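One structure below.
The values are calculated or read from the model by the stated rules, or taken from the named source; none is laboratory data. Note that the structure is a prediction, hence the values are computed from the model and not measured. Positions of Cβ are backbone-derived with ideal geometry, glycine not excepted, and every protein chain shown enters the neighbour counts. Protein only, heavy atoms only, side chains kept; ligands, DNA and RNA dropped before computing areas. Shrake-Rupley method; radii C 1.70, N 1.55, O 1.52, S 1.80 Å.
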Amino acid sequence: MKIEFAPLNIPLRRRLQTAAVLQWVFSFLALAQCCLAAFVLLALSDWWIVALLYAGWLWLDWDTPTSGGRRSHWIRSWTVWDYFRDYFPLTLVKTVDLDPKKNYIFGFHPHGVLVAGAFGNFCTEATGFSQLFPGLRSHLLMLPFWFRVPFFRDYIMCGGLVSSSKSSLSHLVSRPEGGNVAVIAVGGAPEALDARPGALTLQVKNRKGFIKLALKHGAQLVPVFSFGENELFDQMENPVGSPLRRLQNRLQNIMGLSIPLFHARGVFQYSFGLIPYRTPVHTVVGKPIPVSQTPCPSSEDIERLHSVYLQSLTELFEQHKKAYGRGEQQHLTFI
């Protein structure tokens, strides 16, 4: 394979953008493991009292990820996130105003490999979420497992990440004064295994838990489609039924995490690596679907609202696909 190296005269601005994305990839793939190792080493060192004190703090703070988290506007506004945004670049597109007196569930599609659009738009202020939607606080839901890792949990909560447990979502969308936005990558880990350029298959037909909670708490549903999300990485061929896919599915059932074998470009060359391609990502926030609070929703209520949600998501995609590089013949497929 011929390696295409990056030219030496790349502007400093672009190098800083690559560095920002590199630290994000590291944070996503390895920071949790490093934090866990640091805690173990601290506990085994002469500074074990610090580890003991943190363990006590962890016990006292255990429920915070399911109780709205602990956001830090300062961390969400770091300059590094501006470079991260400009690398792709990322764009957050508002189609309508949202009432800050209500709570919302944003259904984010597609999941992609590393949910770059969801992180950049809803865990940082780089694309201006607070300016576009004044009075609203965004929270991206993440697997509960990650909030058990010492130090790492505190860092990710600063960006607005919270546990994806049912109690966590209920806490966010039951706020009487409104103003909370819970962002859910509806397709979850299984959808990441199909994330590759051109893919428009969404795992959403059997994802109805967020619909039920929206009805139970009267939260408004908002479809969100991130154009370009699946174009950021290539992935090894793993068709359904293949040995690789069976292995990935088995590991996912055991660990709760999917392991897509993805690749894109490197830091100093463009031929291979784990850095995403420089592909524009346009995250379009659709119109809210009115939801009447139903404390005990029936199966029919859930099915009816789920159908409305899928229709709204389809309309959002069809309305904006030409503007963001999709062909007239391309349509969403729900499985």
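Between F272 and I49, what length comes free when the chain is fully extended (0.36 nm per residue of separation minus the Cα-Cα distance, one decimal in nm)?
Additional length available on full extension: 75.9 nm.
At 1.4 Å probe size, with every protein chain present, just tell me what the per residue accessible area of the chain comes to in Å².
For the chain, the solvent-accessible area averages 48 Å² per residue.
Do the sum for the chain: with -39,500 (n - 2.57) for every DSSP H run of n ≥ 4, divided by all residues, what is the mean residue ellipticity at 222 nm, to the nearest 500 deg cm²/dmol?
Helix contribution divided over all residues of the chain: -11500 deg cm²/dmol.
I'd like the distance separating the alpha-carbon centroids of segment 1-53 and segment 65-114, in whole Å.
22 Å
Counting Lys and Arg as +1 and Asp and Glu as -1, what is the net charge of the other residues whose Cβ lies under 10 Å from the Cβ of Q203?
With Lys, Arg at +1 and Asp, Glu at -1, the neighbours total 0.
Taking the Cα centre as origin and putting +1 on Lys and Arg beta-carbons and -1 on Asp and Glu beta-carbons, what dipole magnitude results for segment 12-324, to the nearest 20 debye?
160 debye
For segment 50-65, take each phi angle, set θ = phi - 60°, evaluate the Karplus expression 6.51 cos²θ - 1.76 cosθ + 1.60, and give the result in whole Hz per residue in order, putting x for glycine and proline.
5, 4, 5, 5, 5, 4, x, 4, 4, 5, 5, 9, 4, 8, 4, x
With the chain treated as a Gaussian network of Cα nodes joined by springs under 10 Å, which of S167, S299, S307 yields the largest mean-square fluctuation?
For the chain, modelled as a Gaussian network with Cα springs under 10 Å, the answer is S299.
Counting only DSSP beta bridges with both residues in the chain, what percent are antiparallel, rounded to the nearest 5?
For the chain, the DSSP antiparallel bridge percentage is about 25.
What figure in square angstrom, to the nearest 10, would you give for the accessible area of H263 with a 1.4 Å probe?
Looks like 80 Å² after rounding.
Which entries in K208/K321; K101/K208; K212/K287; K287/K321; K212/K322; K212/K321 show an alpha-carbon gap greater than 21 Å?
Those over the limit are K208/K321; K101/K208; K212/K322; K212/K321.
Carbon and sulfur: what percent of the chain's accessible surface (1.4 Å probe)?
62 percent
Using Cα centres only, tell me the gap between segment 257-279 and segment 282-331 in whole Å.
So the two Cα centres are separated by 31 Å.
Based on the Cα gyration tensor of the chain, what are the three equivalent ellipsoid semi-axes, each the root of five times an eigenvalue, rounded to whole Å and given largest first?
In descending order, the three semi-axes are 30, 27, 21 Å.
Which of the trypsin sites (Lys or Arg not before Pro) across segment 154-238 are loop residues per DSSP, with 14 or fewer other Cβ within 10 Å?
Within segment 154-238, the qualifying trypsin sites (Lys or Arg not before Pro) (loop, at most 14 other Cβ atoms within 10 Å) are K205.
Among the aspartates and glutamates, which fall within straight-line cross-link reach of K216, defined as a Cα-Cα distance under 16 Å, with same-chain neighbours fewer than 8 residues apart omitted?
Those aspartates and glutamates meeting the cut-off are E300, D301, E303.
Net charge near A116, counting Lys/Arg +1 and Asp/Glu -1 over other residues with Cβ under 11 Å of its Cβ?
For residues surrounding A116, the net value is -1.
If contacts are Cα pairs under 8 angstrom and at least 6 residues apart, what is the relative contact order of the chain in percent?
23 percent
Please list W81, W57 from largest to smallest accessible area, probe radius 1.4 Å, with all protein chains kept in place.
The ranking, largest first, comes out as W57, W81.
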